[in-house]
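The next block holds one structure in the form of structure tokens; read it before the comments.
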Amino acid sequence: MTSLPEANIERTLADANLQLAIYASTGRLMDKRKTAVSAELLPDYQELRTQANAVKKHALDNLDFYLEQFETNVQNVGGHVVYCRDGTEVADFVLKLAKERGAGLLVKSKSMTTEEIDLNERLEHHGLHAVETDLGEYILQLAEERPYHIVAPALHKTRYDVADIFTSKLGVEREIVPENQTRIAREVLREKFLAADIGLTGANFLVADSGAVVLVENEGNARLTSSAPKIHIAVAGIEKIIPRAQDLAVFLKLLGRSATGQHLTVYTSFLSGPRRNGEIDGPDEFYVVLLDNGRTRLLADNEKRQSLYCIRCGACLNICPVYRKIGGHNYPWVYSGPIGAIITPQYQGIGKNPWLPYASSLCGACAEVCPVKIDIPKLLLDLRSEVTATHPKDQKSRIERMSFRVWSWLMTKPKLFEMAGMAASTALANGCGWLRNVPAPLNIGPLRAWISQRDLPVPPPKSFRQLWRTRPNK
Amino acid sequence: MNPRVSIFVTCVVDQLFPRVGLAMADVLERAGCLVDFPERQTCCGQPAFNSGYHDDARRVARYFLDVFKDSEYIVVPSGSCTSMITHHYADLFRDSPEWLDRAKQIAPRVWEFSTFLVEVLQITDVGASLETVATYHDSCHALRELQIKEAPRKLLRHVRGLELREMDTAEECCGFGGTFSVKFPGVSGGMARTKIDSIVRTNADVVVSVDSSCLMQIQGALSRAGLPTKTMHLAEVLAAR
Amino acid sequence: MSRDDILQQVRSALGRKSGEAPPDAPPARIRIPQPDTDERIRSFVCALEGLAGKAFVADSVEEARHYAAALLENGTAVASNAPFLEQLGIRTLPGVQSGFYDRDELRAVCASAGLGITGADYALSDTGTLVLISSPEEARLISLLPPVHLAFVARENILSGLDELFAVLPMPAARTSSMILITGPSRTADIEQILIRGVHGPGHVHVVIV
């Protein structure tokens, strides 16, 4: 069990530059999204959401069928499907293939699924070098950090950070202009693309009726990764399946707009199998790795299954007031923000990070912007009740459990409730309306936490029920 | 016709902000309602529900359903508590058909205060007057679970002497979130400060909302920051004359 | 074996039997507006230029060829094997290399050329998008490796949007291993959200509607 990373959160909150970077970046993404899905620009936005939700629901409710259909169709176009239970199996597969083909260099485009299983580290450990090629991911690979945000991985890095990273890791002269920094990355990575033996991508969608992998991106690195090397491996979670190519007419409209406000991202690749007879370029070998890694566990729960609808647009992060304060790295896993708070405990087991479902004010903004209508607040509430059902043994949890037990009993005893209120009023009363400090014996637990941030209202001498009794009858 | 209204003032108003309950009763009576206060009432159970203690929440919810079982209308000065009863009780009692049925029967009779005025009584001008510049904070549950956006604003626009000035982050959470405010004090406090920055930019004298718990968070942060801006529940504004 | 294991777990989680057919999927949602050709062209140009791409409507084959020649100036270009480019006389412009059928040879040329010239099977008017389908006539890398991409599209192939594309081509995989939608120049905003064009793909995209 990992406990709430209080000290790290405090550090993030105290870092004014970082706070500004997070707030400004997420704010911009949020504004762009809002415009892009506005009634003027996308009048059928709500209908698209409803359709996307219905299609995802159908695909996941019948996932075994669509997985097999996908597999057959990939094979029909000369590709291969490899099922993997976890990260070890993925790494074993890639390493074995690399060894058989004599491959020494692998280029990678952005994939949260491979981040989830620490694939780079696993491959590196066995001597296969994997180079990230998305600019943000490349910066983070050099900095040895994990993504800060699902869509904008290096959101927390400034140009000066990038200058430091490039200078120390690439040995280039210090360069602080983002445009020139981008050129540097382009040149270094262009060499890698042309030299790589294997290109490894994620997948935004797996299209069952076509045996196709769909990649959505802006830079062109996913196109290069999937087209330049002789071997293309796409690693995807089993939940990425959609039934038909035609469903893309719905999902592509939602994904770009929700993520960055783009009506379509610059590149959308629809890839099925290795290059066909006569096609001039493209890979000779095409593999799709279908990863479980805890997903089948989620499927079993009818309600929570919807967590798997996520298309990783990041809109819930951008609008989440909690993410906007604590940033991405205080979440314990690669998936941050509201979606991270619901899927991490489900993938990794509720006992591992029991604090995570509580890291939300339940404001519901995430559900409002989710393009596939995942009811995130509802799932957070469900997960909270799962946490309490495990009866955590730490002192804080035991006190809390006991307090709610007593409280709920008190709430069915109006007379006692009234007297308890009077006692509190007496204990705190000092004549003024808002307290800046709580007297010593009471300065513990929730009161102390409250007073650490804001003033506390003093309970008035008479409660409503007492005033009501003496209220003149009108 | 004089609608019979039972007010459910909520535990927060009862214990901390009784004047809000009194103001609500005044406004309802002036609007012609026959107001009663079922004295056995306590809480809707939301604190336990939101913290994951469903058994405890159910105990309080069953008690609530019992106290208010015969009420014609139940009016609540809180979007959050209203939503707990009208939306989340169904979830809380999903495995207990008898209570689920009772929850479903009561739900249509439970109204958030501003919506009750505008939709049931069809009143947008309660005859209030208050010389002030106000800004309205959309509390999350009122806004997103009950779709309350226009009703309170309509009512405010009809208050004589009151200028309504929108803040740029009206729909952003104040950071209260029940036990969230004490489980994640730094984050909650940070959210409150972001909110008050936005409030201050409007130069309003007063922040108005339909939820006293949001106002407790906002007023606490305003007070801590030494700012003169005040908070008022919508009922208090509408009771002013 | 992982495959059977995973499929078995999926089935038991869903309460489904092996080989059980699913209920009908929700009908695909395809809504095709029918703007006339002029409106399609206007919208395409507007959308592409909004993304800092360049669009040019050529009234004749000559105009199209001149556009390419002007863009080429004295630089080098690689052109696809598309008959459409042949008809327009693009493949024989001075400085243009074309007619590659060998992957390695093509790749080397693409890596050094200043301009990549392709046809586009379709364009999508509402988003300013090009649709490129890989075939013996159109390679993948020509529109990707050179810093500038010039595409020619026939005016009758401008579709209204994604819905019409997937109505015309419900099964792209039946035709190609690679269908690429290109919407403007390659870009990134990964450093401080500052927009920079031409990261890995072309930083300039020119489209000539013929």
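The values are calculated or read from the model by the stated rules, or taken from the named source; none is laboratory data. Remember, predicted model here, so these are calculated numbers, not experimental data. Cβ: placed from backbone, ideal geometry, glycine included. Neighbour counts: every protein chain shown.
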Out of all the residues in region C:152-161, is one or more touching a strand residue (DSSP E or B) at 6+ places or on another chain (Cβ under 9 Å), assigned to a loop (DSSP other than H, G, I, E, B), at the interface with chain A (Cβ under 7 Å from one of its Cβ atoms) and surrounded by 22 or more Cβ atoms within 10 Å (Cβ to Cβ)? no
Can you tell me which of A:Val37, A:Val77 is within 11 Å of chain C (Cβ to nearest Cβ) and over 30 Å from A:Ala449 (Cα atoms)? A:Val77
Exactly one condition in (1) buried (at least 22 other Cβ atoms within 10 Å of the Cβ); (2) part of a helix (DSSP H, G or I); (3) at the interface with chain A (Cβ under 8 Å from one of its Cβ atoms) is false for B:Arg59; which is it? (1)
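Considering only region B:139-241, give the strands (runs of 3 or more DSSP E) lying wholly within it that have at least 1 residues that are polar (S, T, N, Q).
B:206-209, B:230-233
Each row is one residue, and each column tells you yes or no for (1) closer than 30 Å to A:Cys310 by Cα; (2) in contact with a Phe, Trp or Tyr (Cβ under 7 Å, 6 or more places away or on another chain).
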| site | (1), (2) |
| --- | --- |
| A:Ala98 | no, no |
| A:Arg101 | no, no |
| A:Tyr138 | yes, no |
| A:Glu145 | yes, no |
| A:Gly171 | no, no |
| A:Ile184 | no, yes |
Going residue by residue through region A:313-323, is there one that turns out to be at pLDDT 95 or above, within 13 Å of another protein chain (Cβ to nearest Cβ) and in contact with a Leu (Cβ under 6 Å, 6 or more places away or on another chain)? yes
Number of the exception - A:Ala259 against (1) crowded, with 24+ Cβ neighbours inside 10 Å; (2) assigned to a strand (DSSP E or B): (2)
Select from region A:331-358 the residues that are within 12 Å of the chain's Cα centre (by Cα) and part of a loop (DSSP other than H, G, I, E, B) and write down the one among them that is surrounded by the fewest Cβ atoms within 10 Å (Cβ to Cβ). A:Trp333
Looking at the structure I just gave you, is A:Ala367 surrounded by fewer than 22 Cβ atoms within 10 Å (Cβ to Cβ), of a type in the set (Gly, Ala, Ser) and part of a helix (DSSP H, G or I)? yes
Considering B:Arg144, B:Arg109, B:Arg153, which residue is more than 28 Å from B:Ala57 (Cα to Cα) and surrounded by fewer than 24 Cβ atoms within 10 Å (Cβ to Cβ)? B:Arg153
Selection count, region A:382-399, where residues are part of a helix (DSSP H, G or I) and more than 7 Å from every other protein chain (Cβ to nearest Cβ): 9
Take the conditions more than 23 Å from A:Ser360 (Cβ to Cβ) and surrounded by 20 or more Cβ atoms within 10 Å (Cβ to Cβ) and apply them to A:Asp64. Does it pass? yes
Is it the case, given these coordinates, that A:Val266 is over 30 Å from C:Arg31 (Cα atoms), within 28 Å of the chain's Cα centre (by Cα) and either at pLDDT 95 or above or buried (at least 24 other Cβ atoms within 10 Å of the Cβ) (or both)? no
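Residue by residue, here is whether (1) more than 15 Å from the chain's Cα centre (by Cα); (2) buried (at least 24 other Cβ atoms within 10 Å of the Cβ) holds:
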| site | (1), (2) |
| --- | --- |
| C:Ser98 | yes, no |
| C:Asp104 | yes, no |
| C:Arg107 | yes, no |
| C:Ala111 | yes, no |
| C:Gly116 | no, yes |
| C:Gly119 | no, yes |
| C:Ser125 | no, yes |
| C:Glu137 | no, no |
| C:Leu144 | no, yes |
Within region A:1-120, which helices (runs of 4 or more DSSP H) (wholly inside it) include 1 or more residues that are under 22 Å from C:Pro26 (Cα atoms) and either touching an Asp or Glu at 6+ places or on another chain (Cβ under 9 Å) or among the hydrophobic types (A, V, I, L, M, F, W, C) (or both)? A:45-61, A:63-76
How about region A:188-220: which of its residues are within 7 Å of another protein chain (Cβ to nearest Cβ) and among the polar types (S, T, N, Q)? A:Ser210, A:Asn218
Among A:Glu145, A:Glu121, A:Glu116, which is under 23 Å from the mean Cα position of the chain (by Cα) and exposed (fewer than 14 other Cβ atoms within 10 Å of the Cβ)? A:Glu121
Suppose we filter region C:174-210 for residues that are part of a loop (DSSP other than H, G, I, E, B), aliphatic (A, V, I, L, M), more than 9 Å from chain A (Cβ to nearest Cβ) and touching a residue at least 12 places away in the same chain (Cβ under 8 Å); how many remain? 1
Just to be sure, is A:Pro446 touching a helix residue (DSSP H, G or I) at 6+ places or on another chain (Cβ under 7 Å) and assigned to a loop (DSSP other than H, G, I, E, B)? no
Within region A:167-187, residues touching a Leu at 6+ places or on another chain (Cβ under 9 Å) and within 11 Å of chain C (Cβ to nearest Cβ) come out as A:Gln181, A:Thr182, A:Ala185, A:Arg186
It is to be established whether one or more residues within region A:190-208 are in a helix (DSSP H, G or I) and within 19 Å of C:Glu192 (Cβ to Cβ). no
Let me confirm something: among A:Ser408, A:Ser425, A:Ser361, which residue is over 22 Å from A:Leu299 (Cβ atoms), within 11 Å of another protein chain (Cβ to nearest Cβ), in a loop (DSSP other than H, G, I, E, B) and polar (S, T, N, Q)? A:Ser361
Looking at the structure I just gave you, is C:Pro35 exposed (fewer than 12 other Cβ atoms within 10 Å of the Cβ) and outside any helix (DSSP H, G or I)? no
Kindly indicate the residue of region C:1-60 that is in contact (Cβ under 8 Å) with a residue 60 or more places away in the chain and polar (S, T, N, Q) and also nearest to the other protein chains (Cβ to nearest Cβ) among those meeting that condition. C:Ser43
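Quick grid of which residues meet (1) among the acidic types (Asp, Glu); (2) touching an Asp or Glu at 6+ places or on another chain (Cβ under 6 Å); (3) farther than 18 Å from B:Phe180 by Cβ:
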{"position": "A:Gly337", "(1), (2), (3)": "no, no, no"}
{"position": "A:Ile350", "(1), (2), (3)": "no, yes, yes"}
{"position": "A:Asn353", "(1), (2), (3)": "no, no, no"}
{"position": "A:Lys373", "(1), (2), (3)": "no, no, yes"}
{"position": "A:Leu381", "(1), (2), (3)": "no, no, no"}
{"position": "A:Arg384", "(1), (2), (3)": "no, no, no"}
{"position": "A:Arg401", "(1), (2), (3)": "no, no, no"}
{"position": "A:Val406", "(1), (2), (3)": "no, no, yes"}
Single residue of region A:428-443 satisfying the filter (polar (S, T, N, Q) and more than 12 Å from every other protein chain (Cβ to nearest Cβ)) that is surrounded by the most Cβ atoms within 10 Å (Cβ to Cβ): A:Asn443
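Scan region C:116-132 and give yes if some residue there is at positive phi, outside any helix (DSSP H, G or I) and facing chain A (nearest Cβ under 9 Å), otherwise no.
Here is the first cut: in region C:116-132, the ones at positive phi are C:128.
So of that shortlist, the ones also outside any helix (DSSP H, G or I) come out as C:128.
Among the residues that remain, those that are also facing chain A (nearest Cβ under 9 Å) are: C:128.
Checking region C:116-132: at least one residue is at positive phi, outside any helix (DSSP H, G or I) and facing chain A (nearest Cβ under 9 Å).
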Tally up the residues in region A:370-381 that are within 11 Å of chain B (Cβ to nearest Cβ) and in a helix (DSSP H, G or I), please. 4
